[in-house]
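Notes follow once the structure below has been shown.
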Amino acid sequence: MHRPLVLFATAVVLAGCASAGSSPTASTAEGGSTGGPTTSGATASSSPAPAGSTPGGPASSNAGVPDLDAVHLGLTKVGSFHQPIAIASRRGDDALYVAQQDGKVYALRGPDRRQVLDMSDRTRSSGEQGLLGLAIAPDGAHLYVDYTDRDGGDTHVDEYALADDGTVDAGSRRSVIEQDQPFPNHNGGSLVFGPDGDLYIGLGDGGSEGDPQRNGQKLDTWLSKILRIDPSATDGQPYGVPSDNPFVGRSGVKPEIWSYGVRNPWRFSFDSANGDLWIGDVGQDTTEEIDHVPATEGAGRGTNFGWSAYEGTHRFNDDQHAPDSWMPLYEYPHGDAGCSVTGGVVYHGRDVPTLDGAYVYSDYCAGGVNALAVAGGKVVEAKRLSDHPATVSSFGVDAAGEVYVLSLGGGVYRLTAD
């Protein structure tokens, strides 16, 4: 039986919620637990590793690796919104910029909340559609949004001018990139500025289920990809393609592609300390996955994550082949642990020092906050830190490095020590 495909609908919330105090049960791929590629096209095997287990040895034996048992997490509510779905921040600004799925963006400064952009005339909140992503350029002068349009549900990335006082000039809108969407789901939506200052854009496989168009392993489409562009208008074009993108100059291949073989990368991020790439990739029938590619391995440059030859470490479409695909660092089965991963960030804030260096993430169906501690390319500890909030849509980081978790139910919470 296929689980519901609508990420944000009530039906999904009811499809597989974790019981209070439950912990994710993970599987780390044999060979893939180090985030390595499969070999010779063979099906990757896996073995169960319950959360809190330490396949690489106790966390205490790995210098510099957080001991998740020592973490006592609290959540401090900082604001309430209507379906908050993404947040962004900029250097020298104490505001959190919060995007709602309905197309409105607010600047939150302490208790003060001010609407700075209303683009609800361009998008509508429905299922997996609406305003999905938000990012602010390193120069602090431009704000970028990723959304589906009201007509055909196609993906757009637009740029707006952002003033020093935090106001957005609605009349400055400039279209950067567009992608036709054949189905209403799996739109991706993440926008992330990488350590290199370029803009990374996450796109799902086009939707429906099972990758019907087989976009995962195609390199002539942006669907099922993470793109990397210079979003500034260049030589009369709306954006530039970095010359060191992995497929530049290759005939029949989209030069904007950075990584491929992702199903629906619902939130990815770069570790602010070392530039590693982390992806929460939503699964199909059985498995949710978290991918990790160290900066020393290219941080996703040209990486094939395997969809739809693989769902996690498991063979999926037999007619698809991805012999050099990069296996997940961590995966968990549908059930008490959830059914739709929400990728997060590596924690480097000051509020919870015991959490420093851990990857925090969630699952939309199960809610709560989970964490992974990694050493030597392996998960050494996985733990559920909080059963709240429910319906987690995203994580974000403020200008001071503190981490926030968003609930589509309305709350925005700061991670604090309990």
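Here are a few things to note about the model shown:
- Residue that is surrounded by the fewest Cβ atoms within 10 Å (Cβ to Cβ), among those in the range 248-293 that are part of a loop (DSSP other than H, G, I, E, B), hydrophobic (A, V, I, L, M, F, W, C) and under 15 Å from the mean Cα position of the chain (by Cα): V282
- Within the range 85-110, residues that are in contact (Cβ under 8 Å) with a residue 60 or more places away in the chain reach partners that are of a type in the set (D, E) with beta carbons closer than 7 Å, at six or more positions or on different chains, in the pairs S89/D398; L96/D398.
Condition check ((1) modelled with pLDDT of 95 or more; (2) not acidic (D, E)) across all residues:
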site: Y200; (1), (2): yes, yes
site: D220; (1), (2): yes, no
site: I229; (1), (2): yes, yes
site: D235; (1), (2): no, no
site: Y239; (1), (2): yes, yes
site: D244; (1), (2): yes, no
site: S251; (1), (2): yes, yes
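- When we screen Q115, Q129 for residues that are touching a residue at least 40 places away in the same chain (Cβ under 8 Å) and not small (G, A, S), the only hit is Q129.
- Residue check for L191: closer than 22 Å to S325 by Cα and either modelled with pLDDT under 95 or hydrophobic (A, V, I, L, M, F, W, C) (or both): no
- Residue match in the range 330-346 (condition: within 23 Å of T287 (Cβ to Cβ), touching a helix residue (DSSP H, G or I) at 6+ places or on another chain (Cβ under 9 Å), in contact (Cβ under 8 Å) with a residue 40 or more places away in the chain and not in a loop (DSSP other than H, G, I, E, B)): no
- Tally of residues being in contact with a strand residue (DSSP E or B) (Cβ under 6 Å, 6 or more places away or on another chain) and acidic (D, E) across the range 263-312: 6
- Condition met for T296 (within 27 Å of F193 (Cα to Cα), of a type in the set (S, T, Y) and surrounded by fewer than 21 Cβ atoms within 10 Å (Cβ to Cβ)): yes
- Screening V145 on (1) surrounded by 21 or more Cβ atoms within 10 Å (Cβ to Cβ); (2) part of a loop (DSSP other than H, G, I, E, B) shows it passes everything except condition (2).
- Residues that are within 23 Å of I229 (Cβ to Cβ) and part of a loop (DSSP other than H, G, I, E, B), drawn from the range 295-308: G298, A299, G300, R301, G302, T303, F305, W307
- Checked against (1) exposed (fewer than 15 other Cβ atoms within 10 Å of the Cβ); (2) more than 19 Å from the chain's Cα centre (by Cα), G197 passes all but a single condition, namely (2).
The values are calculated or read from the model by the stated rules, or taken from the named source; none is laboratory data. Values in this document were obtained by computation on a predicted structure and should not be read as measured data. Every residue, glycine among them, receives a Cβ derived from its backbone with ideal geometry; neighbour counts consider all protein chains shown.
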